[in-house]
Every structure is written in C-alpha cells, then in structure tokens.
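Worksheet: the structure to be examined is printed underneath.
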Amino acid sequence: MSQPSWTAPRQIPVCILTGFLGAGKTTLLNRVIRTPFLSDAAVIINEFGDVGIDHLLVEQSGDGIIELSDGCLCCTVRGELVDTLADLMDRMQTGRVRPFSRVIVETTGLADPVPVMQAVMGNPALAQSYRLEGIVTVVDAVNGMSTLDLHEEARRQVAVADRLVLTKMVSGDASGEIRSRLRIFNPQAELLDGDGDLAPGSLFDLGAYDPARKSLDVARWLGAGHGHHDGGHDHGHHQGHDHAGHSHQHAHEVNRHDASIRSDSLVTSRPISQMALSMFLDLLRSAHGPNLLRMKGIVKLSDDPSRPVVVHCVQSLMAEPVRLARWPDGAGPETRLVVITRDMPAGFVSELFAAFSDEPDIGRPDSAALMDNPLAIPGGSPRRR
Ligand SMILES: Nc1nc2c(ncn2[C@@H]2O[C@H](COP(=O)(O)OP(=O)(O)OP(=O)(O)O)[C@@H](O)[C@H]2O)c(=O)[nH]1
C-alpha cells in the first residue's frame, strides 16, 4: 500500500448504473435525467450490438451529453470506456463540451460490472480526472429471482452494488422474496423502491469520499443500518458474531445458486498498524485478486487513531488510500470494512483480518507472526479457479 495522500486532486465522480437486460435502467435514468442534480452530468451509454437504441430512448436534458460507447463492455471495456472518458475530459478542458461534474455510465445488461469498475480505477491517466463513486444496480422484481438463478453477471451486479433499486413491483408482498434474497446477497447496499419517489441524489450520491468537499458519508457508503437482511428465509445464510475483544464480523453466505459469492463485514475498534493493514490488503489482492470482487472501508490506524484512512479496491486494483483529518460525523471511531469475494472459504477473510488486527484467539497467529511468516495464514487455503 502506498502512503496515503493528504490531499487529492479534484476528480469527477463516476457512477455505474447496471442491472440485467430489461431491468429498467433506461427508464430509471429518464425519470431523473432532467432534474437539477443531473443537469451537469455526462451520461455514457454502453450498448450491445451494432444497432444501439438505448441512447435514443434517453431524453437529453438541455445540452446534456450522451456519449455512446458501443460494443460489449465486458469485452471492450478497457479500450472503449477508457477512450470515451479520456475524450470527454479532453473535450471539456478544451471547451468543446460544457463542463460536467458527474458521469453516469449505463452498462449493457450483460455486463459484469467488475471490469467496468476496474477500467475507471485502473488507468493512471483517468485516475487523475475521475474517481469511482460507486455502483447502482437495478433489479426487476418480476424476473429478478430467475435472472439471479441463471446469470452469474446478474449476481455480480447485485453483489458489488452500493445501492439496489427494485423496479416493476407488483405488490409489497410479492416483492418480499426478492428483497430477502437481495439482502442475503448484499446486506450492505441500500435498497430503494424504484416505483417510489426517487430523488436523483438518493440514487447517485453514494456517500463515497469526496476530495472536493473532504466528506465521507460512512453510513451511506458502507451501509450502516442495512446490515441485516429481512428475516423469514433461510438460504444457507450464516452469520457469525464474535464479541470477544471489541470486534465482530458478519459473514453472509447466499443460497445454493449464489453460494460462491460472500459478503463479509469486518468491524473492530482495535487500531491496526499501517504495516499490518498493508499486508492484509496486499495478501488479499495479490493472492486472491480475481476472487476479490470488491473491498471498501474506513480503518483506524494505530499511529494516529483519530485520523482514519479510507481504502477501496476492485480485484487487485486499489485506489489511492486517503487519510482523513478526523472521523466523519456519525462514524466510528472503529474500523469498518466490507469485503465481497467469490469462491473463498467461509471464515477466510474474517480470520485473516482478525489475525492482522491482533484479535486474540488460541491457535491463530498474530500480526507479528504473520509478518514473519506470511504462509501461516489462518482460515485455510481458498479454492482456486
Ligand atoms: N411496470 C414497470 N415497468 C417498467 C419499470 N421500469 C422499466 N419498465 C419497463 O421495462 C422495459 C425495459 O425497461 P428499460 O428501461 O428499457 O430496461 P433496461 O434495463 O434499460 O434494458 P436494457 O437496455 O435492454 O438492458 C420497458 O418496457 C419499461 O417500460 C417499472 O418500474 N415498472
């Protein structure tokens, strides 16, 4: 992990709007595109196939910018989206398009959002101008269950979301099953009613760290208050509590269709050294990067527990950590990390973190032992693909 930066340049937030084919992404965008919150947004629409029509369906707001990135994001994301974002910035800086302060990328319904996130975060030139704000995933209440059963991309779209929007609801009762499943799948994401009165700010302002305002809405970003799913369903969901010391971990394992994807929520008030944090993150990213779909959080460091560091990564890519001047209002002071993984054994991430954060436990090496011998990793060896 590189040294956290004290100040970050002004970067334009990029929000990814995803959701399976026909879930209602374009409809949702149309509902909010003309509102003041999005009046200076640039919208990039990715379409699949030679004859795209989605961009024709999105009503332009005034001189709103609609960029078309054709081709499948899964295949062309690194070239196409990176080029489009770079070109857009160049055109703004040379006065060829009006200034924009936010970008929304609507993906094709077939897109795996992870490479899309990587494209925004992983290009050094783009990282100067843009920062990944987060993911909004639209889920269709009518077809959502079968879509999640059948499509890995749809499961990933839900798992990595910061915010989930449920569309096409028939009645409150009928949507109970899909709500429960989404909660199991992604306990942290805020779940919004797409038929309700949606303010664009509640859709696209995801609470991520904003270098311009130097603000972080931890509850929105990490989902405080959304951490528990609706009860009543048992799809193999396991939740572990360990209140020894000051920490607890919640691990959420989803039903047999989704069994490969897990979400771990790691919380501890015990400060962690920067070295131990770096080793924990490096180990996860280097050894398990392909299975680390997303990790984000705020960490209490032992050198100065009053100034937390904000970290987030997508697979092996890590954004520049940012050291805050103080704990954000309403947060902490405790470390909170959300880790979304695929094909990792239950307990692996939480055990590894507990070892690095020196949670006492018989038979578990502490951080000093792990730094001496990183092979003594607790939690067993994850399956590899
Ligand atoms: N009843 C109802 N229909 C909706 C809602 N949202 C979208 N639809 C309908 O669902 C269909 C697909 O909506 P789109 O907004 O085009 O979905 P999309 O996710 O952009 O679709 P793709 O671009 O094909 O992935 C359209 O016929 C919409 O009118 C909703 O909240 N309620």
Approximate spin-label separation residue 128-residue 287, in nm, with each point projected 7 Å along Cα-to-Cβ: 3.7
Cα-projected label distance for residue 198 with residue 302, points at 7 Å along beta-carbon direction, nm: 4.5
For the stretch 124-201, size of Cβ-based charge dipole, Lys and Arg +1, Asp and Glu -1, in debye: 240
Peptides 285-291, 324-330, 18-24 ordered by average Cβ neighbours within 10 Å, highest first: 18-24, 285-291, 324-330
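FYI, it's all coordinate maths here, none of it is from the lab. The structure displayed is predicted, hence computed values, not measured ones. Note: ideal-geometry Cβ built from the backbone for every residue, glycine included; neighbour counts use all protein chains shown.
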